[in-house]
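What follows draws every value from the coordinates through simple rules; no lab data is involved. Note that the structure is predicted; figures quoted are calculated from it, not measured. Cβ sites come from the backbone with ideal geometry, for glycine too, and all protein chains shown count toward neighbours.
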Amino acid sequence: MSLHLMTLFTAHPAKLINLLALLFAFPGGWLLHATRRRELRAMASLQAQRQSSPNVEPTLDWATLRMNRFFYIFGFACMGMALLVSWISTQV
């Protein structure tokens, strides 16, 4: 099996490097999508809380804001890494 992978790598190195880029891009894209959906759900919840009690201003807690920010940073870092690895595959 390892001999087959080595011959595949020597025959088509750019394809395997692009595969590595996809392995970075898929989780990064999913993480960005999931974080955006979580953020929209939280905003809808805040809107519902505002309508139920208009004299109290609801806010998101600090942990949720930090978690969303971290997931956005990590997702964009994965996408940037995928772009870099994909660019490297064009140089091979």
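Restricting attention to helices (runs of 4 or more DSSP H) lying wholly within the chain, give those where 3 or more residues are at negative phi and among the basic types (Lys, Arg).
Fully inside the chain and qualifying: 13-52.
Tell me which of these THR90 doesn't satisfy, since it passes every other one: (1) within 22 Å of the chain's Cα centre (by Cα); (2) over 14 Å from TRP30 (Cα atoms); (3) in contact (Cβ under 8 Å) with a residue 40 or more places away in the chain.
Here THR90 clears every test but (1).
Evaluate the following for LEU84: is it exposed (fewer than 13 other Cβ atoms within 10 Å of the Cβ) and out of contact with any Pro (no Cβ under 8 Å at 6 or more places or on another chain)?
So LEU84 passes the test.
List every residue pair whose Cβ atoms sit under 7 Å apart, with the two residues 6 or more apart in sequence or on different chains, where the first one lies in the range 10-22 and is among the acidic types (Asp, Glu) and the second, anywhere, is part of a helix (DSSP H, G or I).
Filtered contacts from the range 10-22: no entries.
Restricting to the range 6-18, name every residue that is surrounded by fewer than 12 Cβ atoms within 10 Å (Cβ to Cβ) and aliphatic (A, V, I, L, M).
Hits for the range 6-18 are MET6, ALA11.
For the range 36-66, give me each residue that is surrounded by 14 or more Cβ atoms within 10 Å (Cβ to Cβ), without any contact (Cβ under 8 Å) to a residue 12 or more places away in the chain and under 19 Å from the mean Cα position of the chain (by Cα).
Matches in the range 36-66: ARG36 only.
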